[in-house]
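Student: A single structure is presented below for examination.
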Amino acid sequence: MVPQTKPKILFVSESVTLAHFARPFELSNRLSESDYAIHFACATPYQHFLGASKHSLHTLTSIPPEQFKQALANGNPLYDFATLKKYVEDDLALIDNVKPDLIVGDFRISLAVSARLAKIPYATISNAYWSPYAPKQYPLPCLPLALMRFVSSSY
């Protein structure tokens with residue numbers, strides 16, 4: 001008889017904010033390690049939070065948080081083509097190494113392409129308040145771009 005293997009789940013954080021790291025990490029910690037083989041990938045700056053983790057850990061490059069925040073604040077594209085192409089290459093190498101049954105990502109937008117190319121099911125984590133079905137409407141974030149649009153639409 002062939003021994004049953006546990007399903008492998010690969011959690012991936014686009015490590016540009018603590019929230020994008022914390023959501024998948026918290027979700028991964030809620031799963032039973034006796035039922036699943038859990039892998040977690042993030043950029044080096046966030047790996048110090050993983051010291052006590054029992055997950056299999058992987059390093060994956062992300063753009064620097066400062067670059068992300070500046071682009072977001074100015075309303076500029078968050079990624080250029082070369083960055084996204086490199087992300088897909090890195091994602092595919094990680095997927096080939098781990099061979100997961102499921103990939104769960106938080107704002108690693110390249111995974112929509114990478115997971116499809118690798119033919120692995122993919123789920124993404126999103127803020128609940130982005131949903132049009134959210135019961136409460138939340139205020140705009142305090143970003144220069146949001147404030148400029150609010151001020152210009154008031155005149």
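Student: May I ask you to list pairs of residues, at least six apart or on different chains, whose Cβ atoms are under 7 Å apart, with the first in segment 69-89 being at negative phi and without any contact (Cβ under 8 Å) to a residue 24 or more places away in the chain and the second being surrounded by 12 or more Cβ atoms within 10 Å (Cβ to Cβ) and outside any helix (DSSP H, G or I)?
Tutor: Partner pairs satisfying both residue conditions: Ala71/Leu78; Thr83/Ile63.
Student: Here's something else I'd like to know. Just wondering, is there one or more residues in segment 109-121 that are buried (at least 21 other Cβ atoms within 10 Å of the Cβ), in a loop (DSSP other than H, G, I, E, B) and within 17 Å of the chain's Cα centre (by Cα)?
Tutor: Initially, segment 109-121 is screened for residues buried (at least 21 other Cβ atoms within 10 Å of the Cβ), giving 110-111, 114-115.
Right, trim to in a loop (DSSP other than H, G, I, E, B) and you get 110.
Of the ones still in play, those that are also within 17 Å of the chain's Cα centre (by Cα) are 110.
Yes: one or more hits.
Student: Oh, and also: Might you check whether a residue that is crowded, with 17+ Cβ neighbours inside 10 Å, assigned to a strand (DSSP E or B) and either more than 12 Å from the chain's Cα centre (by Cα) or at pLDDT 95 or above (or both) occurs anywhere in segment 13-32?
Tutor: Yes, because at least one residue in segment 13-32 is crowded, with 17+ Cβ neighbours inside 10 Å, assigned to a strand (DSSP E or B) and either more than 12 Å from the chain's Cα centre (by Cα) or at pLDDT 95 or above (or both).
Student: May I ask you to list the residues in segment 28-37 that are out of contact with any Phe, Trp or Tyr (no Cβ under 7 Å at 6 or more places or on another chain) and not charged (D, E, K, R)? Break it down into steps so the answer makes sense when it comes.
Tutor: Looking only at segment 28-37, we keep the residues that are out of contact with any Phe, Trp or Tyr (no Cβ under 7 Å at 6 or more places or on another chain), and these are 29-37.
Of everything in segment 28-37, those that are out of contact with any Phe, Trp or Tyr (no Cβ under 7 Å at 6 or more places or on another chain) and not charged (D, E, K, R) turn out to be Asn29, Leu31, Ser32, Ser34, Tyr36, Ala37.
Residue-by-condition table, conditions (1) more than 19 Å from Ser15 (Cα to Cα); (2) at pLDDT below 95; (3) among the small types (Gly, Ala, Ser):
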site: Pro77; (1), (2), (3): no, yes, no
site: Leu84; (1), (2), (3): no, no, no
site: Val88; (1), (2), (3): no, no, no
site: Ile95; (1), (2), (3): no, no, no
site: Lys99; (1), (2), (3): yes, no, no
site: Leu111; (1), (2), (3): no, no, no
site: Tyr122; (1), (2), (3): no, no, no
site: Trp130; (1), (2), (3): yes, yes, no
site: Cys142; (1), (2), (3): yes, yes, no
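Student: What number of residues within segment 86-98 satisfy the criterion of being charged (D, E, K, R) and over 13 Å from Ala41 (Cα atoms)?
Tutor: Looking only at that region, the number is 3.
The values are calculated or read from the model by the stated rules, or taken from the named source; none is laboratory data. In this text the structure is predicted, and so the values were computed from the model without any measurement. Note: ideal-geometry Cβ built from the backbone for every residue, glycine included; neighbour counts use all protein chains shown.
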